[in-house]
Amino acid sequence: MNKLQRFLPDQRFLILLNRFILKYDESECSKDKIIKDAYLFCIGYFFKYQQDYENPGLKGSSNIIAVLTSALLSPNFHTIPSSISLERVLYFYKFIVEYIVWNEYEVEKSFREYKLNYEKTAMSSKYNQLIKKKI
């Protein structure tokens, strides 16, 4: 991730998603598995790095569509070095969106579970930091 620090958050997101998809492609996973796991990757990235962009007016999965679409439409998209091909992200983008739209219950359940796990982990981490300060 250190090499990626020179990129803006939306660029990092697309680069990492691209790497994720390419690894799955290389392992010859089915398209359906890549799509489902790419959605889970997007959720994980969202909570770890872009949670500040959560729009409370949107359902959880709609926030993922918004962040992904925003990254693809960003002017920063065109400043990603040409050595990093994002063709696979563009190809899978429509399938990820379709998956979210057509599997509303499943994607919302996944989003809520990730959010709950993230919040538990964050609270546990803060608690551990407080204990270390007291010792």
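Of 116, 56, 80, whose Cα points farthest to the positive end of the dipole of the chain (charges on the beta-carbon: +1 Lys, Arg; -1 Asp, Glu; origin at the Cα centre)?
116
To the nearest 0.05, what FRET efficiency results for residue 37 and residue 98 with a Förster distance of 22 Å applied to their C-beta separation? Walk me through the numbers before you get to the answer.
Details: r = 15 Å, r/R0 = 0.69.
Step by step, r from the Cβ atoms, then E = 0.90.
Multiply the residue gap between residue 48 and residue 117 by 0.36 nm, knock off their C-alpha separation, and tell me the result in nm, one decimal place.
On the way: separation 69, 0.36 × 69 = 24.84 nm, distance 1.14 nm.
Using 0.36 nm per residue and subtracting the Cα-Cα distance, I get 23.7 nm.
Return P(r) of the chain (all Cα-Cα pairs; 5 Å bins starting at 0; whole %; ordered from short to long distances).
Result, from short to long distances: 2, 9, 19, 20, 19, 14, 8, 5, 3, 1, 0 percent.
Please identify the GluC sites (Glu not before Pro) of the range 1-67 that satisfy two criteria: DSSP loop assignment and at most 16 other Cβ atoms within 10 Å. Which are they?
Values: sites: 26, 28, 54; in loops: 28, 54.
Filter output for the range 1-67: 28, 54.
Which whole-number percentage describes the relative contact order of the chain, with Cα contacts under 8 Å and a sequence gap of 6 or more?
Working: 71 pairs, mean separation 48.1, N = 135.
Normalised by residue count, the contact order of the chain is 36 percent.
Compute, for the chain, the length of the dipole vector about the Cα centre, with Cβ point charges of +1 (Lys, Arg) and -1 (Asp, Glu) only. Units Debye, rounded to 20.
Working: 20 positive and 15 negative charges, 167 e Å.
Roughly 800 debye for the chain.
Quote to one decimal, in nm, the extra length available between residue 73 and residue 125 on full extension: 0.36 nm per residue of separation minus the C-alpha distance between them.
My answer for the length gained is 15.3 nm.
Taking θ = phi - 60°, what integer Hz values does the Karplus form 6.51 cos²θ - 1.76 cosθ + 1.60 yield along the range 108-118, in sequence order, with x for Gly and Pro?
For the range 108-118, the Karplus-derived couplings read 5, 4, 4, 4, 4, 4, 4, 5, 4, 4, 5 Hz, x marking Gly and Pro.
Show 6, 112, 12 ordered by accessible area, largest first, where the area counts protein heavy atoms only and the probe is 1.4 Å.
6, 112, 12
Quick one: accessible surface of residue 65, probe radius 1.4 Å, all protein chains present, in square angstrom to the nearest 10.
Number for this one is 40 Å².
What distance in nm separates the two pseudo spin-label positions at residue 55 and residue 27, each 7 Å out from Cα along the beta-carbon direction?
Simple spin-label model gives 3.3 nm for this pair.
The values are calculated or read from the model by the stated rules, or taken from the named source; none is laboratory data. The structure presented is a predicted model; accordingly, all values stated were derived computationally and were not measured. Cβ: placed from backbone, ideal geometry, glycine included. Neighbour counts: every protein chain shown. For the accessible areas, the whole protein counts, side chains as well, though only heavy atoms, and no ligand, DNA or RNA atoms are used. Shrake-Rupley method; radii C 1.70, N 1.55, O 1.52, S 1.80 Å.
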